[in-house]
Amino acid sequence: MLNKEVYSLLGLCARARKLSSGSILINDIRLKKVYFVMIAEDASDNTKKKITDKCQYYHVDYMICGDVDHISQAVGQINRVALGIKEKGFASKIKSKLGG
């Protein structure tokens, strides 16, 4: 489970429109618009593999943490399995809070 500081940072990212999710996330990884990707632990194996393979190929940092409900609630949307942070400052702060 993620801590409250990470949730609040994700909320700020969402309000600043510096998040990417869904099918747009794959394109943003490919275009190197994303600095960090968070993937929910309870995402399907196929989804995890697809996103982690893209991240590894394009050298984007990622972490598998949290669950779908908590990640979705933090950004104020429904069924968000993976989130890409598009702002370098937010990405580094969230990585440091997650221990990465």
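Just so you know, all these numbers are worked out from the coordinates, no wet-lab data involved. Keep in mind that this is a model prediction, so the values were computed, not measured. Don't worry about glycine lacking a Cβ; one is built from the backbone with ideal geometry, like all the others, and counts go over all protein chains shown.
Tabulated values for the structure
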{"item": "Computed magnitude of the charge dipole of the chain (debye, nearest 20; Cβ of K, R +1, Cβ of D, E -1)", "result": "520 debye"}
{"item": "Between segment 10-33 and segment 37-81, the alpha-carbon center distance in angstrom", "result": "11 Å"}
{"item": "Value of relative contact order over the chain, rounded to a whole percent, pairs C-alpha under 8 Å and six or more apart", "result": "42 percent"}
{"item": "Beta bridge orientation in the chain: antiparallel %, DSSP, nearest 5", "result": "65 percent"}
{"item": "Residue-by-residue Karplus 3J(HN,Hα) for segment 40-54, coefficients 6.51, -1.76, 1.60, Hz, glycine and proline x", "result": "6, 5, 9, 6, 5, 4, 5, 5, 4, 5, 4, 6, 5, 4, 4"}
{"item": "Listed candidates (1) 57, 40, 22; (2) 31, 27, 24; (3) 48, 39, 15 - label of the one calculated as Cα extents along the principal axes in Å", "result": "(2)"}
{"item": "13 Å reach of a label modelled at M63, 7 Å along Cα-to-Cβ, counting backbone N of segment 14-47", "result": "36-41"}
